[in-house]
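S.K.: Pasting a structure here, questions to come.
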Amino acid sequence: MTKNSYDTGRLNLPFVGIATFAKRPYAPDWSTLEADVAVLGAPFDAGTQYRSGARFGPRSVREASTLFSFGHAGAYDHEDDTTYLTGDVRIVDMGDADIVHTDTHQSHANIETGVRAALAAGALPVVIGGDHSVNIPCINAFEGQGDIHILQIDAHLDFVDIRHGVRNGHGNPMRRAAEKPYVTGLTQVGIRNVSSTTQEGYEAAREMGSDILSVRQMRKLGAEATAKRIPPEARVYITLDIDAFCPSIAPGTGTPSHGGFLYYEVLELLQHVAQSHEIVGIDLVEVAPDYDHSNRTSILAAQVLLNLLGFVFEARKG
């Protein structure tokens, strides 16, 4: 039985030390990365159309992640009878991409550089936003990496083409992704209510290969059946907007939308997808902590990411 870190002489409580993601090593030299998972902050929110504040998401999610980081050699789940994220899964924190205020092009380019560095090191890139526009450079970084399918969990379709000259805001990322020759399709789950996309946007999304499900439609299908709608051999990139969740549990976001998912609905979908598909990249976006003084949105984000990583690496064991 693996010893836990209580036996090493340091208790290492969550509020002690430097708040890297899950208290994992800080790796600022991107040219020498050695990891299975490389976490990159993308604190950019100039793509928002309503409430800003997601630039503080990476810092807040990192701090929240310390809650799940101390004292144990992995995390035992009694329902699955599995210990997830044991010590053989190497997770590092790359720090943040450099953000240039008012300059979307350069900020996005810097995010893309970070993701490319993670991929070059053979690590699974995990990007913490930032608004959803940061997905655009994430997907750009996968050029030359083979075909991918995108699973988007979100309240909004994010399929705007161009609006008043804006092509790379947080309403555009899935349209930009669908244009890529190496993106073979999109599964868009949680889409609901009044959205930023017109009817023509939905029609264009379906024409370009999107499978769109609302919260109610997924609930009717169930998590396992929803996961099976993704092509079976697809390599999957997961983009998770925190507003996919009901604002009763995730109020800290710029564009809350009632009627969203509860925790286990998303968790079970992610577990089924991780068990049935190769996961090649992850981003979690739109955490805006100043709208949630309880910090439960950031805690939810950190918990979802760590559980998802556990599912991914348990599935890789075969």
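S.K.: Provide K180, K228, K220 ordered by accessible surface of protein heavy atoms (probe 1.4 Å), highest first. The partial results should precede the final answer.
M.R.: Details: K180 60, K228 145, K220 185 Å².
Solvent-accessible surface, decreasing: K220, K228, K180.
S.K.: Two decimals is fine: what's Rg over Rh for the chain, C-alpha atoms, Kirkwood radius as Rh? Show your work: numbers first, answer last.
M.R.: Working: Rg = 18.3 Å, Rh = 19.4 Å.
When Rh is taken as the Kirkwood radius, the ratio is 0.94.
S.K.: Let me ask you something else. Please compute P(r) over all alpha-carbon pairs of the stretch 91-162, binned at 10 Å starting from zero, and give each bin as a whole-number percent.
M.R.: Answer for the stretch 91-162: a P(r) of 17, 49, 31, 3 percent.
S.K.: Would you look at the GNM of the chain, springs on alpha carbons closer than 10 Å, and say which of G222, G252, G129 moves the most?
M.R.: With Cα springs under 10 Å in the chain, the top fluctuation among G222, G252, G129 is at G222.
S.K.: A further question on this structure: Identify the GluC sites (Glu not before Pro) of the stretch 171-231 meeting these criteria: DSSP loop state and at most 14 other C-beta atoms within 10 Å of the C-beta. Before the final figure, lay out the partial values.
M.R.: Numbers: sites: E179, E200, E203, E207, E224; in loops: E179.
For GluC sites (Glu not before Pro) across the stretch 171-231 that sit outside H, G, I, E and B with at most 14 neighbouring Cβ atoms in 10 Å, the list reads E179.
S.K.: Which length gain, in nm to one decimal place, applies between D81 and K220 when the Cα-Cα distance is subtracted from 0.36 nm times their residue separation? Don't skip to the answer; put the middle values down first.
M.R.: Details: separation 139, 0.36 × 139 = 50.04 nm, distance 2.79 nm.
Contour length minus Cα-Cα distance gives 47.3 nm.
S.K.: Determine the gain in length on full extension of the stretch H164-T198; use 0.36 nm per residue of separation and subtract their C-alpha separation, reporting nm with one decimal. Let's see the in-between values first.
M.R.: Numbers: separation 34, 0.36 × 34 = 12.24 nm, distance 1.49 nm.
Additional length available on full extension: 10.7 nm.
S.K.: What number, in percent, do you get for the relative contact order of the chain if the mean sequence gap of Cα pairs under 8 Å and at least 6 apart is divided by its residue count? Write down the numbers at each step before the final one.
M.R.: On the way: 677 pairs, mean separation 65.7, N = 318.
Once divided by the residue count of the chain, the mean separation gives 21 percent.
S.K.: Another question, then. What angle, in degrees between 0 and 90 and rounded to the nearest 10, separates the Cα long axis of helix 263-276 from the longest principal axis of the Cα atoms of the chain?
M.R.: Approximately 90 degrees, to the nearest 10.
S.K.: If the label point is 7 Å along Cα→Cβ of S276, which residues in the stretch 293-318 have backbone nitrogen under 16 Å from it?
M.R.: Label zone hits: 312, 315.
S.K.: What nm distance separates the two modelled labels at M208 and R229, each placed 7 Å from Cα along Cα→Cβ?
M.R.: For M208 paired with R229, the spin-label model returns 1.9 nm.
S.K.: Moving on to the next point. Take the alpha-carbon positions of the stretch 52-179, form their convex hull, and give its projected area averaged over all directions (one quarter of the hull surface) in nm². Provide the component values of the computation, followed by the final result.
M.R.: Numbers: hull surface 40.3 nm².
With every direction weighted equally, the projected area is 10.1 nm².
S.K.: Then there is this: Given the whole protein assembly as supplied and a 1.4 Å probe, what does the accessible area of M208 come to in Å², nearest 10?
M.R.: Approximately 70 Å² of M208 is accessible to the 1.4 Å probe.
S.K.: Multiply the residue gap between L11 and Y263 by 0.36 nm, knock off their C-alpha separation, and tell me the result in nm, one decimal place.
M.R.: Values: separation 252, 0.36 × 252 = 90.72 nm, distance 2.94 nm.
Gain in length upon complete extension: 87.8 nm.
S.K.: Among F261, F159, F15, which one moves the most in a GNM of the chain with springs linking Cα atoms closer than 10 Å?
M.R.: Comparing F261, F159, F15 in a Gaussian network model of the chain, the most mobile one is F15.
S.K.: Starting from the 7 Å offset along Cα-to-Cβ, what nm value, one decimal, do you get for the label separation of R316 and Y50?
M.R.: 3.6
S.K.: Here is a further query. When the accessible area of the chain is computed with all protein chains present and a 1.4 Å probe, what percentage of it is carbon and sulfur?
M.R.: Values: 7150 of 14200 Å².
Answer for the chain is 50 percent, counting heavy atoms of protein chains only.
S.K.: State the dimensionless ratio Rg/Rh of the stretch 52-109 (Rg: radius of gyration of Cα atoms; Rh: Kirkwood radius).
M.R.: 1.15
S.K.: Something else now. For the stretch 206-318, just list the percent of Cα-Cα distances falling in each 5 Å bin from zero outward, please.
M.R.: 2, 11, 20, 23, 20, 13, 7, 2, 0
The values are calculated or read from the model by the stated rules, or taken from the named source; none is laboratory data. Small disclaimer: the values here were computed from a predicted structure and weren't measured. Ideal geometry is used to build each Cβ from the backbone, glycine not excepted, and the neighbour counts take in all protein chains shown. Heads up: the accessible areas ignore ligands, DNA and RNA and are worked out on the full protein's heavy atoms, side chains in. Shrake-Rupley method; radii C 1.70, N 1.55, O 1.52, S 1.80 Å.
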